[in-house]
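In what follows, a structure is listed as structure tokens, so that the remarks can point back to it.
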Amino acid sequence: MFAYELHKIRSAELIREADDYRLARTAQRRRRSADDAARQARSHSARRGRSLFTRAA
């Protein structure tokens, strides 16, 4: 019975670790997509109305 109980404890621990890892990856993915959206919004608004090339003298 002792080995079975250790197995159940270890199994529950691994499941918790996997859930924590999944949650961290989801948060990281959301944070990255929010950063990308903000960066894209900034880059497009900064360029509006300006030419990419300088004027000739």
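The values are calculated or read from the model by the stated rules, or taken from the named source; none is laboratory data. Since the model is a prediction, treat every value here as computed from it, not as a measurement. Here the Cβ positions follow ideal geometry from the backbone for every residue, glycine too, while neighbour counts run over all protein chains shown. Accessible surface areas use protein heavy atoms only, side chains included; no ligands, DNA or RNA. Shrake-Rupley method; radii C 1.70, N 1.55, O 1.52, S 1.80 Å.
Once the Cα-Cα distance is subtracted from the 0.36 nm per residue extended length, the LEU14 to ARG39 segment shows a gain of 5.3 nm.
Each Lys or Arg adds one and each Asp or Glu subtracts one; over the other residues with Cβ under 13 Å from the Cβ of ALA38, this totals +3.
Placing dummy labels 7 Å off each Cα toward the beta-carbon, the span from ARG55 to ARG32 is 4.3 nm.
Accessible area per residue was computed with a 1.4 Å probe on protein heavy atoms; ASP35 scores about 80 Å².
A simple rule links phi to the HN-Hα coupling: the Karplus curve 6.51 cos²θ - 1.76 cosθ + 1.60 with θ = phi - 60°, which for the stretch 22-30 gives 4, 5, 5, 5, 5, 5, 5, 5, 5 Hz, with x for Gly and Pro.
The protection proxy used here, the mean number of other Cβ atoms lying within 10 Å of each residue, ranks peptides 1-8, 23-30 as follows, highest first: 23-30, 1-8.
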